[in-house]
Structure formats: structure tokens, C-alpha cells
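The values are calculated or read from the model by the stated rules, or taken from the named source; none is laboratory data. As the structure is a computational prediction, the values presented were derived from the model and not from experiment. Neighbour counts are summed over all protein chains in view; Cβ atoms, including those assigned to glycine, are modelled from backbone coordinates with ideal geometry. Note: accessible area is taken over every heavy atom of the protein model, side chains too, but ligands, DNA and RNA are not part of it. Shrake-Rupley method; radii C 1.70, N 1.55, O 1.52, S 1.80 Å.
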Amino acid sequence: MFNNYVWQTYLNAGGKDVVEMFRKNFEEEFSEEFIDNIVRFRENYCPSKTICNGTRTKLTELLNDIMEGYYILEEGSYNTETAMNYLYNWFKEENEKISTKIAFEIFCGNVEYFTTFLALECHELFVPYYYQWNFNVLEKIALEFEIDLPKIPIKKDYEGRFYYYGELCEAFLSFRKEHNLTEYEFMAFLYDFAPSYIGGTKSYIVNDLPEPKGAFFIGARADDAFLSNEADTVTPWQCNVDTAAGDMIVMYLRNPISAVDSIWRSVSVGFNDPLFYYYRCTYIAKPTAIRRIALKELQEDIIFKDIPIVRKNMQGINGVELKPSEYNHIIDLSGANVLKLDYVVSNDDREFVNEKAVEDFLIKPLLKKLGYREDDYVQQLNIEIGNHNHRLIPDFVLLPEYRNGFYSAFAIVEAKRSISSSKQLEEVIKQARSYARQLGTKYAIIVSKDNIWLTSDKDCYTKVIFSSSWDKLENPDVFRSFHKLVGR
């Protein structure tokens, strides 16, 4: 929620200088000082040096073009829609009637350049966009301050994603008018005040990583600008939206190398970014070089030779999930000293049962049967503990609500692959209790591959008030009892 007192405190503590910096650059003269400040702001909420350097490069190109007298919009009266239409047609004409997909690729590849240019020419309508690869941060800001962001188009809707920037600007304009902010106050709010308020990179980058639940392939060229062997590198990558913080990321280098090259860790939850061309994104870090495993070796390997992505010569590799047995086999082949995935072989039609399998094959179908839609719950919710310190909380949060800077929820679900003793169950109950108390939930649900347990707030989540094996839960009477407690 927007708090005017806190906002005025920011303005009086140096924020007015930031507002004036935006005004001066958008009304008088665009300058290198502006570029330095934007990069500094971006470093607060983006840990990637490559992205921040890219922001500097694009805005420096813009500064040079402005000095050469370039412009985008012709003189005239515009609203957001007509200006976006003009820009869209301008792309088509400038590039010999290219496809919508290519037009969008050019736009999002230079989104900082074009959106800043639009804001310079029509700053009463447009806001420069510096959240590419960080739409997750923008979503957190929108949640915190109740900005009604437009619905994200699907990945293949390239025209919708092109026009999405204009829809964002309309949402920003509505928020700005609601709180009586000038366009320059809003820019200061969006890029200096709000990211710091939610905690910057700490709001989504996880340093104390949990045990990995899954493993995913990603791919790169050997000269990819985002690729690094530095131990402290943190970089975004196209991956799987289901990526969890702590997951293992297997880097495959394409031609001319064509080999698995390194193992990384995901340090954020996966998210969709409509103005990132590849759409699905996660942040990865902690690269560990391994003995390279060539594509030919994979194609001849007894386990990998029949895997679909190997049969397709690793085409479309980004975000392809590896089974635990497959990932662990890569580690065995490489001899690398990195974490393996814990799993057990199952006798049923699933090859393995690990914690992620419990989530995917047991919990998600159960939630659907209980009446919950996918947008009724959040996985790996980041919650603020204390003064901008963040940690991961439960595997599932059911019916989360965010008000006045705090989360609450109806129930949490904690997944474990196996709980084999009373002592282990008690430890898991304690863990679930801490999450449930933090969120003020009515129930805490614990799920393993064999059983389900339920505790409630009536005794601070201490006693089990319902338990069942998965076989017994198939009984309509047993399921009805469970549904009456936690059903949607």
C-alpha cells in the first residue's frame, strides 16, 4: 500500500534530487549523469553485471542518436494506443515488413533504448522500462503498492507482448493519478524508492539455498555474454517456470563445443517475463566446471541415448527437466564434486519418487481434487522476516493474501519424500508450525509419498487432527472428511 508519509520522508531525504534529475533529463537535456544514475538504481535490484552494463550500452547509444537528431514519433497528438500503433508500424516499415515475431524480437532486444526514447518524446504517457529480466521485481512492487498490472500475454502472442508495454504505461498512469504524482515523481518512485523499499535483490535472490528438488538443462553459445566462470556471478537465464531455488542447472554449450560444460544452482524461483524474448526466466549462480561430456558421448550412453532431448541433438534445450537418475548419471560421468538429487526407485509406473515428484504427482493433483486452481496457491513464496531479510517458506501456500505489507494464508503444505519415524514427523511438524504461525494459517498440511497429516491453529499446530495413507484417501468417506477441513 502506498504510504504518503513514507513517500514524503523519502523525498525530504534526497528523493527530491532524484525527481529533479528525471525532470532535467526528460525536459531539458538527456545526459551521461542520467545513465550513471539508472545503472546505479538497477544494480540495487539486479545482481547481473552483464545486464547493468547492457543498460549503460543501450542508453549510451540513445544519447548518441539524440545528439545526431534522431526521433521516433512524428509531431502530433498521441494517446498510448496510437503511439504504440505508430511504433509498431514504424518497425514494420523500417525492416521491410518483417513478421510480428521479428518486430517484437527487435523491440525487446532494445527495450531500454526504445522506451526511454518514447518517454523523452511523450513523457506524459510513457515511462522508460528498466525491468527486463526483472519482471519478478516489478510484480513484487505492484503487489506491495497495489498497482494493477495488466494480465501477461502468453509466450507466442508476440503482438500482445509488443503492446504490453503500452498497457503497463496505462497502469502506471492510473497509479500516478490516484496518488497525485508527477511523471518524474513516479519515475523516482519506480526506480529508486520502490525497489529499495521491497529489499532490492534480497527480495528474490536466495543465498542460503535449500536442498535441490529438481534438475534442468539450459544451453548457451561458448561466447554468450551471460556466461561466466566467476564464482560470484549471478545471471538470468531462459529456463523452466517450475524451477525452484536450489535446483541444479546443467549447462550445455552448443557449437562448436556441443558438450555439457558446467553445473549451476538456481538462486531464484522461476518466473515469466513478457518483455524478455524467451519469456521464462530464472537467476542462476555458483558455476562449477566439470569434465566436458560431448554430445556424441551422450548419444552413445546407455541411459542418455534414448532421451528425447538427446535424440533431437539438444535442440530446444532450455528448461528441459532431467529425472534424478539422469542428472545423477551426468554427475557420475563427469566425476564432479557437486550435489546429487535424492530419490528412490518406485515399483509403480513412475520411475522415481523424490520431493519434487511428491509435489508434482501427489500434491498438485490433490489440490485440484480439493477444488484449488493453480492461481489459488503459490510455491516457494518469499516472505519478509524482520528488516528486509527474506527466506523461503513452505512448498505450497494456499489462498495467500497480501495486506499492509504482510502475507496471510488459509493453509500451508510441506512436502517430504518420506517420513519414516515418529521423531522425523515431529521435526517436520515443527518446521511446518513455524511457517504456519508466520502466515497465521488455519491449517498446516504435511505430505509424503505414503501419508498425509493435518494440524490446526487451535493448538498451535501441535497435534495431528487428521491423517491418512494415500490408499485410504481414495475412500469417499475419508476424502470427504479431509475435504470438509481443507477443501476450497
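Going by what's in this entry, would LEU439 be described as open to solvent by 40 Å² or more (accessible area, probe 1.4 Å) and of a type in the set (A, V, I, L, M, F, W, C)?
no
With (1) part of a loop (DSSP other than H, G, I, E, B); (2) open to solvent by 10 Å² or more (accessible area, probe 1.4 Å); (3) among the aromatic types (Phe, Trp, Tyr) as the list, and TYR131 as the residue in question, which single condition is left unmet?
Result: TYR131 passes all but (2).
Consider LEU138 against the criteria (1) surrounded by 16 or more Cβ atoms within 10 Å (Cβ to Cβ); (2) in contact (Cβ under 8 Å) with a residue 60 or more places away in the chain; (3) touching a helix residue (DSSP H, G or I) at 6+ places or on another chain (Cβ under 9 Å): it satisfies all of them except one. Which criterion is unmet?
Failing condition for LEU138: (2).
Just one of TYR45, TYR10 is of a type in the set (Ser, Thr, Tyr), open to solvent by 20 Å² or more (accessible area, probe 1.4 Å) and out of contact with any His (no Cβ under 8 Å at 6 or more places or on another chain); which is it?
Criteria check complete, one pass: TYR10.
For residues in the range 13-31 being touching a helix residue (DSSP H, G or I) at 6+ places or on another chain (Cβ under 7 Å) and outside any loop (DSSP other than H, G, I, E, B), which is surrounded by the most Cβ atoms within 10 Å (Cβ to Cβ)?
Ranking the candidates gives PHE22 first.
Free of Cβ contacts under 8 Å to residues at least 40 places away in the same chain and out of contact with any Ser or Thr (no Cβ under 9 Å at 6 or more places or on another chain), is that true of GLU359?
no
Would you mind listing the strands (runs of 3 or more DSSP E) fully within the range 358-459 where at least 1 residues are among the basic types (Lys, Arg)?
Output list reads 389-392, 401-403.
Against the condition assigned to a loop (DSSP other than H, G, I, E, B), at pLDDT 90 or above and open to solvent by less than 50 Å² (accessible area, probe 1.4 Å), how does THR462 come out, does it pass?
Considered against the rule, which asks whether it is assigned to a loop (DSSP other than H, G, I, E, B), at pLDDT 90 or above and open to solvent by less than 50 Å² (accessible area, probe 1.4 Å), THR462 comes out as no.
How about the range 12-26: which of its residues are of a type in the set (Asp, Glu) and either within 16 Å of ALA194 (Cβ to Cβ) or without any contact (Cβ under 8 Å) to a residue 24 or more places away in the chain (or both)?
Correct list: ASP17 only.
I'm checking my understanding of the structure. Among residues of the range 275-301 that are aliphatic (A, V, I, L, M), touching a Ser or Thr at 6+ places or on another chain (Cβ under 7 Å) and over 19 Å from THR233 (Cβ atoms), which one is least open to solvent (accessible area, probe 1.4 Å)?
Out of the qualifying residues, it is ILE293.
Open to solvent by 20 Å² or more (accessible area, probe 1.4 Å) and either out of contact with any Gly (no Cβ under 6 Å at 6 or more places or on another chain) or of a type in the set (A, V, I, L, M) (or both): does that describe PHE189?
It is false that PHE189 is open to solvent by 20 Å² or more (accessible area, probe 1.4 Å) and either out of contact with any Gly (no Cβ under 6 Å at 6 or more places or on another chain) or of a type in the set (A, V, I, L, M) (or both).
What residue, among those in the range 171-182 that are of a type outside the set (Lys, Arg) and open to solvent by less than 40 Å² (accessible area, probe 1.4 Å), is nearest to ARG42 (Cα to Cα)?
Filtering the range 171-182 for residues that are of a type outside the set (Lys, Arg) and open to solvent by less than 40 Å² (accessible area, probe 1.4 Å), the one nearest to ARG42 (Cα to Cα) comes out as PHE172.
Given SER258, SER268, which one is in contact with a helix residue (DSSP H, G or I) (Cβ under 8 Å, 6 or more places away or on another chain), among the hydroxyl-bearing types (Ser, Thr, Tyr) and crowded, with 23+ Cβ neighbours inside 10 Å?
SER268
Go through LEU398, LEU322 for me and flag whichever is of a type outside the set (Ser, Thr, Tyr), at pLDDT 95 or above and either touching a helix residue (DSSP H, G or I) at 6+ places or on another chain (Cβ under 8 Å) or surrounded by fewer than 12 Cβ atoms within 10 Å (Cβ to Cβ) (or both).
LEU398
Would you check which residues across the range 87-100 are surrounded by 14 or more Cβ atoms within 10 Å (Cβ to Cβ) and farther than 18 Å from LEU173 by Cβ and list them?
Within the range 87-100, TYR88, TRP90, PHE91, LYS92, ILE98, THR100 qualify.
What pairs can you find where one residue is in the range 184-203 and within 9 Å of TYR45 (Cβ to Cβ), the other is at pLDDT 95 or above and of a type in the set (S, T, N, Q), and their Cβ atoms are less than 7 Å apart, with a gap of 6+ or different chains?
Listed by first residue and then by second, the contacts come to PRO195/ASN44; SER196/ASN44; GLY200/ASN44.
So for the range 149-170 (the condition being surrounded by 18 or more Cβ atoms within 10 Å (Cβ to Cβ), assigned to a helix (DSSP H, G or I) and touching an Asp or Glu at 6+ places or on another chain (Cβ under 6 Å)), does at least one residue qualify?
Taking every residue of the range 149-170 in turn, none turns out to be surrounded by 18 or more Cβ atoms within 10 Å (Cβ to Cβ), assigned to a helix (DSSP H, G or I) and touching an Asp or Glu at 6+ places or on another chain (Cβ under 6 Å).
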